[in-house]
Amino acid sequence: MGLDWRKSIVSVDQFTPESIAEIFQLADKAPHAPKVLAGKILTNLFYEPSTRTSSSFHAAMSKLGGDVIPINEVHYSSVSKGETLEDTVRTLACYSDVIVLRHGSDDATERAVSVSEVPIINAGNGRGEHPTQALLDLYSIYCEHGRLDNLTVTLMGDLKNGRTVHSLSKLLRMYDCKVQFVSPASLSIPKKYLHPGDRVYNELGDAITNTDVLYITRIQEERFFRPMEVDISYMVTSSDMGRAKSDMVLLHPLPRVGEIPEEIDSDPRAAYFRQVKYGLYLRMALLLEILILPEMLDRT
Amino acid sequence: MGLDWRKSIVSVDQFTPESIAEIFQLADKAPHAPKVLAGKILTNLFYEPSTRTSSSFHAAMSKLGGDVIPINEVHYSSVSKGETLEDTVRTLACYSDVIVLRHGSDDATERAVSVSEVPIINAGNGRGEHPTQALLDLYSIYCEHGRLDNLTVTLMGDLKNGRTVHSLSKLLRMYDCKVQFVSPASLSIPKKYLHPGDRVYNELGDAITNTDVLYITRIQEERFFRPMEVDISYMVTSSDMGRAKSDMVLLHPLPRVGEIPEEIDSDPRAAYFRQVKYGLYLRMALLLEILILPEMLDRT
Amino acid sequence: MGLDWRKSIVSVDQFTPESIAEIFQLADKAPHAPKVLAGKILTNLFYEPSTRTSSSFHAAMSKLGGDVIPINEVHYSSVSKGETLEDTVRTLACYSDVIVLRHGSDDATERAVSVSEVPIINAGNGRGEHPTQALLDLYSIYCEHGRLDNLTVTLMGDLKNGRTVHSLSKLLRMYDCKVQFVSPASLSIPKKYLHPGDRVYNELGDAITNTDVLYITRIQEERFFRPMEVDISYMVTSSDMGRAKSDMVLLHPLPRVGEIPEEIDSDPRAAYFRQVKYGLYLRMALLLEILILPEMLDRT
């Protein structure tokens, strides 16, 4: 993936520990960022609905003074008149400074990038990637633990279909982390994401005791071709929390559908709503990098 | 209802004549308010569509310099992935300074308030309340008549199901008003809203002659379980207007579906579109009270 | 059409060469226009979806500092409660400084204008007009050729149903242009748009060789009552481009569905995406004229 991530964010493969450190520094300052994106326009082009992700980008852009064109109903519109994704992107690029794209096809981001005159941010392409989610997950670990090294990270749930887990596991390889995978056999992590030294479990069990970060994902029913292949037995319980480290951090990309009972929300280690806020700051940092830094570099 | 209305607006029961007077003073100045909400974000979270109410809040926020995240299609989105109202609210609270919530369930506002880190404004919860509509109705009476005492207010239409009428009738009790109810027997005002001295009619008839404010509501077909229990004979006619006081004020929360014929629109007493504008100013005042005044108090 | 276009834009018949020249001068400066519409609100009231047109107006308003209330789902909302177009417009006029209206009925714009307290911009009314599209088409010709006289303009495609073609052909009559029409017999240009000296063809053929502007339109399937009356043989080919003038300009209102193969996109004469950008500037100019110039005149 030779594409500069400041031109378009397609995959976590575009990032290095150095670029990530720079982004996180900027995200730390995001809560107090001035409205430097005034006059800029972000288009939220969502072929699949995602209130969470589209709202996060909307808020990030607004907080920096920019404007947002929300397009959440592409199925009704030009596309139903037979327009290609490429032509829709070419057109919206004329109105926008950046396009955030969620699409059901794995090759959608690549196709968009190949024709767009403005940066594309991949906000989920089919079974492919969702790189800004992975970055915000990593940023959440960083904010909660203050470091990215010397951590044992346990990923639990649907590890086969969860694009978030795939992307996050790639990022973790850049740091000195131990990775543990917990899933039913039918939803286990694909081999290409496994590294030597990883541990694989079929249930959480004792794997909780040495865990510094427990990252739980939803059984993504809507990505299945058949209805619900497994029942959800991959939830975390109060008993699990009782055996976990006192500074363990519990993350979840949300929405949850039972994997974490509400009674755990009040546990200080439950960080999944703080994670939402970290995501806002992380996306503000990405927008600043993509929309402002190139201009500043152009001037020098 | 012990909740401070500046924390969240749930019900008209939170208001007193003193707080209402303060809000109305602010609403009077709203047309010339500076853009003091720059940098603030309002989320319009509408589980049921309402162009009128969502547009009113959108415009109120925009005119004060704030930004709006419009969410009008919750049924497509996270919720269809099984997320609870509570989690949706917790998430959006991370992005927003205030959430305006319209929902089909009577207990929705209460549930949202119980988990939200930012103020919730109830914009209609099932058969419950719609407090900002009732406040704007009262503000309209105040703007048109210059007072809230010594008035005879006649409420006509579907008095059984109309949450607007229920809330407005509660507010009127704070002032020295006579209240008259006109409806078919099957849609009469529930007993708990009746006070000693109220008059109840099955048709408008002579009740028009002493009326200072005639407030008409739509037969809310979509709240019925059976289609249309009555035909609409509770419309106002030119003949009624001929017998009414020369300074009577005709109000309607809109949309109308035949209760007021268009020929009456040009009558200077027809105030229902001025009412829309009063509503904008009233909501601007509420946003200022909720989003700015707490900050000012914090500083002192 | 005696209505001043600065009050409401209904039809191309409202414009003269003088007013068009003034608008184009303003459009030329639009890329550097300051945010003079801060505090103004545009409502995009789209009864029929049109991502392209609504996004164009949204971006135009945002770039000038104004705010937008996007209403793309009227079918779900008040209207489904039985509200008339007139009442919806009266209400939204209370919140807005200008309303952009797309509606399926030919008489929608007229009805809206008759009741609105703020300017209406017709963004497509049934089989009627789409005047801002025609103006941006004309502006595209002006930007590409630097003049509007001494040009041969060839209009090709569905000339019977395409409201864009009808409006553009009217505007071209104001200038010293030759007009050629190319369409299947069943979709030929209605007689009322034909002028003496026009040429009419059933295929492009040699008509390409003297053409300065080739304007192609989509076969608008969704306006048919029967499915697809003709197959699309009215596309432009590389061979056609080979026979065309070296400074010919190829325009298309988009979306295209096969009339122009993608291989032609890289031809410098392919101007249809530049046309999108010209459209943005043209609409910025119209908004400035409608929202700011009256205020300036009021002050003098």
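Laboratory data are not the source of any read-out in this text; all were calculated from the coordinates shown. In this text the structure is predicted, and so the values were computed from the model without any measurement. No Cβ is skipped: glycine too gets one built from the backbone with ideal geometry, and neighbour counts run over all protein chains shown.
Table for the structure above
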{"item": "Stokes-Einstein translational diffusion, the range A:132-276 - Kirkwood Rh over all Cα pairs, 0.692 mPa s, 37 °C, in µm²/s", "result": "217 µm²/s"}
{"item": "Computed label-point distance, nm, for sites C:Arg6 and A:Glu22 using a 7 Å Cα→Cβ extension", "result": "5.0 nm"}
{"item": "Amide hydrogen neighbours beyond the local backbone of C:Val249, cut-off 5 Å, H modeled", "result": "C:Val213, C:Leu214"}
{"item": "Under 5 Å, built H, 5+ apart or other chain: amide partners of B:Ile69", "result": "B:Leu42, B:Thr43, B:Asn44"}
{"item": "Structure-based [θ]222 nm, the protein assembly as shown - -39500 (n - 2.57) summed over DSSP H runs of at least 4, per residue, nearest 500", "result": "-10500 deg cm²/dmol"}
{"item": "Volume per residue that the Cα convex hull of the range A:242-300 spans, once the total is divided by residue count, Å³", "result": "99 Å³"}
{"item": "Mean-position separation - Cα centroids, the range B:243-294 and the range B:28-55, in angstrom", "result": "17 Å"}
{"item": "Unit charges on C-beta of K, R, D, E only; dipole of chain C, Debye", "result": "200 debye"}
{"item": "Shielding of A:253-264 by partner chains, average beta-carbon count, 10 Å", "result": "3"}
{"item": "Compactness relative to 2.2 N^0.38 Å, alpha carbon Rg of the range A:1-142", "result": "1.03"}
{"item": "The range C:141-190: radius of gyration over Cα atoms, expressed as a fraction of 2.2 N^0.38 Å", "result": "1.17"}
{"item": "Relative contact order computed over chain A (Cα-Cα under 8 Å; 6+ residues apart), in percent", "result": "20 percent"}
{"item": "Out-of-range pairs (alpha-carbon distance over 22 Å; input B:Lys40/B:Lys63; B:Lys277/C:Lys40; B:Lys191/B:Lys277; B:Lys29/B:Lys277)", "result": "B:Lys191/B:Lys277"}
{"item": "Test item: A:274-284 mean partner chain Cβ contacts at 10 Å", "result": "2"}
{"item": "Computed P(r) (all Cα pairs; the range C:61-154; 5 Å bins; percent)", "result": "3, 11, 18, 20, 16, 11, 8, 6, 4, 2, 0"}
{"item": "Computed over the protein assembly as shown, Kirkwood Rh from alpha-carbon pairs, angstrom", "result": "30.0 Å"}
{"item": "For C:Thr109, B:Thr84, A:Thr154, order by how many other beta-carbon atoms lie within 10 Å, fewest first", "result": "B:Thr84, A:Thr154, C:Thr109"}
{"item": "Sites C:Leu293 and B:Asp265 - FRET efficiency at Förster radius 35 Å, r taken between beta-carbons, to 0.05", "result": "0.70"}
{"item": "Copies compared at C:Asp267 - label distances in nm, ascending, label defined 7 Å from Cα in the Cβ direction", "result": "6.6, 6.6"}
{"item": "Full-extension gain in nm, B:Lys245 to B:Asp13, via 0.36 nm per residue minus C-alpha separation", "result": "80.4 nm"}
{"item": "Principal axis box of the range C:110-170, alpha-carbon based, largest edge first, Å", "result": "42, 26, 13"}
{"item": "Computed magnitude of the charge dipole of the range A:132-276 (debye, nearest 20; Cβ of K, R +1, Cβ of D, E -1)", "result": "620 debye"}
{"item": "Shortest-first distances to equivalent copies, position B:Asp198, nm, label 7 Å out along Cβ", "result": "6.7, 6.7"}
{"item": "Sorted largest first, extent of chain B alpha carbons per principal axis (Å)", "result": "55, 45, 36"}
{"item": "The range C:140-217 versus the range A:153-201: alpha-carbon centroid distance in Å", "result": "61 Å"}
